[in-house]
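Peer 1: I am attaching a structure below and will ask some questions about it afterwards.
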Amino acid sequence: MDVFRNYISIDMHCHGIGNFDFVEPSQLVLDKIEEHLRIECHRAILTLYIPHSKINELEKLAEDFYQGVLDGRYCNIVGIALEGPLLSSIGGTPEQGCWIPSKDEWRRLAAIGKKGLKYIVLSPDAEYSTNTDTNYPDSINWIVDILYENGVRPSLGHYKKDNPEKAASQTLKIIEHVSKNKYHPLLTDHLFNDMPLNFKHSWRSFKEKKERAKDIKNLHLEDWDKSNIRQKMGAVPAAIIEGAYSGNVKICMNFDGEHVDLEICKKAVEIIESKNIMLMTDRIQSQVLGGQKLHLKGDSTLLYQHLNIVAGGTQSVMAQLMKMINVGIRVDDILNIICITSSNQLGLQPFLYVPALEKLQKEEPFNRLICET
């Protein structure tokens with residue numbers, strides 16, 4: 001579709017471009033990742049998991065990235081992000097990527113914001129201190145403040161599922177703090193994943209897929225609207241979405257159809273409004289995470305680690321764009337989701353005539369990808 005020709009999409013959250021393990025900062029070759037994204041005609045934030053022992057490697061990677069930006073080498077890599085370390089639900093995150101930083105370690109992580117760290121995924125309901133030691137934060141808002149002071153945004157995600165009301169309350173406290181201090185909007189990890197819900201959001205196994213049509217019908221999505229999101233979706237997604245309505249949250253969503261069913265995605269876009277939504281793929285091209293070889297199951301495009309826990313996906317931005325088109329999401333909403341909302345939040349030009357990217361319009365890979373839509 002020609003309407004997409006003049007825009008370049010942004011993947012707000014990916015865990016693997018090329019043959020790299022994103023738990024190993026010292027092994028990432030940014031020039032190769034940049035070239036890979038350039039050929040794909042997409043931009044991306046590289047979302048890493050950082051074991052406690054590798055803060056030094058992350059700082060070095062950020063220095064290299066920052067220098068590459070200054071040199072004009074990096075246009076398609078638009079930043080770095082972290083998933084954790086402060087997570088209350090590990091989900092598909094490698095265990096070594098979850099730990100409790102001290103105040104000094106938070107200061108070190110936050111300082112990387114000056115070198116390209118865009119956000120850190122953290123859990124509003126996580127334990128932020130190991131004990132009463134004053135070397136650790138005394139509140140999660142201390143962490144929020146130190147991040148914002150350095151240009152790093154908190155990204156909400158990875159909730160426990162045993163106490164939705166508490167998790168929602170903690171979320172609202174952070175949103176209120178952000179509003180009071182007039183900070184830039186919070187971000188989120190992918191909506192509906194790793195959080196307590198009032199509904200089934202995905203059908204992944206062969207057995208589940210046999211029941212999908214009936215289950216979707218029983219959700220009565222046609223009755224969902226802004227007035228009943230807490231009842232229909234649950235306390236946590238309602239808190240996040242209400243934060244978006246107030247201008248204090250921008251929401252990432254995955255449109256691969258397997259993290260979240262596409263009919264639910266379509267209804268969510270209608271309710272949340274695309275000006276509040278940004279695309280993330282969660283993809284891991286190397287199919288390796290933390291040294292662990294991931295595996296596919298059946299006809300699914302999701303990647304699983306041991307114990308059959310979903311670690312990420314494999315679908316590209318273009319594949320998700322096609323699914324948005326096919327499920328009937330409006331073109332102007334798709335443009336917001338894949339490009340405009342995220343460009344506005346990152347302070348980027350959304351159009352392909354950005355000087356360093358202008359030549360892409362005439363190159364064969366871009367034309368081929370556009371023709372495929």
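Peer 1: At 27 angstrom or more along the helix axis (alpha-carbon based) and mean Kyte-Doolittle of 1.6 or higher, what helices does the chain contain? Whole DSSP H runs only.
Peer 2: Correct list, ordered by number: empty.
Peer 1: Tell me, what ³J(HN,Hα) does each residue in the stretch 78-85 have, in order and in whole Hz, if you take phi through Karplus 6.51 cos²θ - 1.76 cosθ + 1.60 with θ = phi - 60° and put x for Gly and Pro?
Peer 2: Once rounded to whole Hz, the list reads 9, x, 10, 9, 10, 9, x, x.
Peer 1: Give me the dipole magnitude in Debye, nearest 20, for the chain about the Cα centre, with unit charges on the beta carbon: positive for Lys and Arg, negative for Asp and Glu.
Peer 2: 500
Peer 1: Okay, next question. Indicate, rounded to the nearest 5 percent, the antiparallel portion of the DSSP beta bridges found entirely in the chain.
Peer 2: Of all bridge pairs located within the chain, approximately 20 percent are antiparallel.
Peer 1: Right, something else. Could you check which residue among D215, D138, D299 shows the biggest mean-square fluctuation in a GNM of the chain with a 10 Å Cα cutoff?
Peer 2: Largest GNM mean-square fluctuation: D299.
Peer 1: Ok, one more. Stretched out fully, how many nm does the piece from E63 to K293 gain, at 0.36 nm a residue minus the Cα gap?
Peer 2: 79.9 nm
Peer 1: Towards the positive end of the charge dipole of the chain, with charges on Cβ (+1 Lys, Arg; -1 Asp, Glu), say which of H42, I146, G328 has the farthest Cα.
Peer 2: Looking along the dipole axis, the top candidate is G328.
Peer 1: Provide S300, S88, S123, S53 in ascending order of the number of other Cβ atoms located within 10 Å of each residue's Cβ, fewest first.
Peer 2: S53, S300, S88, S123
Peer 1: Whose amide H sits under 5 Å from the amide H of V249, counting only residues 5 or more places off or on another chain, with H placed in the peptide plane?
Peer 2: Amide H neighbours of V249: L186, A244.
Peer 1: Taking every Cα atom in the stretch 2-372, find the radius of gyration and the maximum pairwise distance Dmax, and write them in Å.
Peer 2: Here Rg and the maximum Cα pair distance are 19.5, 60 Å.
Peer 1: If you take the beta carbon distance between R107 and I325 as r and set R0 to 51 Å, what does 1/(1 + (r/R0)^6) give as a FRET efficiency, to the nearest 0.05?
Peer 2: Plugging the Cβ-Cβ distance into 1/(1 + (r/R0)^6) gives 0.70.
Peer 1: Set the bar at 31 Å for Cα to Cα. Now go through K60/K297; K180/K275; K103/K297; K54/K267; K60/K173; K114/K250 and name every pair that lies beyond it.
Peer 2: Over 31 Å Cα-Cα: K60/K297; K103/K297; K54/K267; K60/K173.
Peer 1: Next up: So what's the back-of-envelope 222 nm ellipticity for the chain, counting only DSSP H runs of four-plus at -39500 (n - 2.57) apiece and dividing by all residues, rounded to 500?
Peer 2: Result for the chain: -11000 deg cm²/dmol, rounded to the nearest 500.
Peer 1: Using a 10 Å cut-off around each Cβ, can you sort D194, D282, D31, D162 from fewest to most neighbouring Cβ atoms?
Peer 2: Neighbour counts put them in this order, fewest first: D162, D31, D194, D282.
Peer 1: Then there's this: Kindly put M324, M195 in sequence by how many other C-beta atoms sit within 10 Å of each C-beta, fewest to most.
Peer 2: Fewest-to-most Cβ neighbours within 10 Å comes out as M324, M195.
Quick note: the coordinates plus some simple rules give every number you see, no bench work behind them. Quantities reported herein were computed from a predicted structural model and do not represent experimental measurements. In this analysis, Cβ positions are derived from the backbone assuming ideal geometry, glycine residues included, and neighbour counts consider all displayed protein chains.
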